[in-house]
Amino acid sequence: MAKLDPRTLLKLLPKDLQETALLRLFGFVKIPMLFLASPKVLELSNERAEVMIPLNRMTRNHLRSMYFGVLAIGADCAGGVIAMKLIEGSGEDVSLIFGEFHAKFLKRAEGDVHFSCDEGKAVQELVKKAIETGVRQSLPVKVVATVPSKSGNEPVAEFTLLLSLKKRDKKRH
């Protein structure tokens, strides 16, 4: 019997659900806390990522707004998913990690939160440079969180994450 590749199975899903399924599968296997936050990929291109995390019993705090730890997960998702897409597109084995995390909480997030990152072009250059040099490369990546149902495009939080990439040495695998 042939072994089924998860990516082959995911291709059976409608296109708009494939990226969300991949992100949740990654969370389930590698980062269970990410899986529990139930992120949904709303947009993913080489230029932009938008991820939504619902406000629910699992993600809210005692004030019925989104818990700041979950807001950090959303920022990580938006900045990370775009880098993961670009790394996958390169065909190279590149490790991804965030080296720094800065957050500015502007108001309570009292609804489903959308996290957007428009840094795709800069991340694409970072991936290219990490592959070409073999040396760790870093870039501050900005993520903005909004609650469209309550305050439109007005940010509820702003994040800067230091994205750090390095081409993996083939000998280490």
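Below is a table of values for the structure above.
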read-out: Residue list for region 27-42, restricted to those being closer than 20 Å to V141 by Cβ and without any contact (Cβ under 8 Å) to a residue 12 or more places away in the chain; value: K30, I31
read-out: Residue ID - nearest to L25 (Cα to Cα), chosen from residues in region 66-110 that are touching a residue at least 40 places away in the same chain (Cβ under 8 Å) and acidic (D, E); value: D76
read-out: Subset of region 121-154 that is surrounded by 18 or more Cβ atoms within 10 Å (Cβ to Cβ) and over 18 Å from the mean Cα position of the chain (by Cα) - its residue that is nearest to F101 (Cα to Cα); value: Q137
read-out: Residue pairs meeting the criteria (Cβ under 9 Å; at least 6 apart or on separate chains; first without any contact (Cβ under 8 Å) to a residue 12 or more places away in the chain and farther than 11 Å from S164 by Cα, in region 122-146; second of a type in the set (V, I, T) and surrounded by fewer than 19 Cβ atoms within 10 Å (Cβ to Cβ)); value: K129/V135
read-out: Residue count, region 120-156 (criterion: touching a helix residue (DSSP H, G or I) at 6+ places or on another chain (Cβ under 7 Å), closer than 21 Å to I53 by Cα and among the hydrophobic types (A, V, I, L, M, F, W, C)); value: 3
read-out: Residues within region 60-101 that are not in a helix (DSSP H, G or I) and not aliphatic (A, V, I, L, M), tallied; value: 14
read-out: Residue match in region 102-124 (condition: more than 26 Å from V156 (Cβ to Cβ), out of contact with any Pro (no Cβ under 7 Å at 6 or more places or on another chain), of a type in the set (S, T, N, Q) and in a helix (DSSP H, G or I)); value: yes
read-out: Criterion: at pLDDT 95 or above and either farther than 21 Å from S38 by Cα or hydroxyl-bearing (S, T, Y) (or both) - qualifying residue of S151, S164; value: S164
read-out: Residue selected from region 54-112 under the condition within 21 Å of V141 (Cβ to Cβ) and touching a Phe, Trp or Tyr at 6+ places or on another chain (Cβ under 6 Å), by the criterion surrounded by the most Cβ atoms within 10 Å (Cβ to Cβ); value: A78
read-out: Single match in S45, S65 (criterion: at pLDDT 95 or above and among the small types (G, A, S)); value: S65
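The values are calculated or read from the model by the stated rules, or taken from the named source; none is laboratory data. As the structure is a computational prediction, the values presented were derived from the model and not from experiment. FYI the Cβ positions are ideal-geometry reconstructions off the backbone, even for glycines, and counts take in every protein chain you see.
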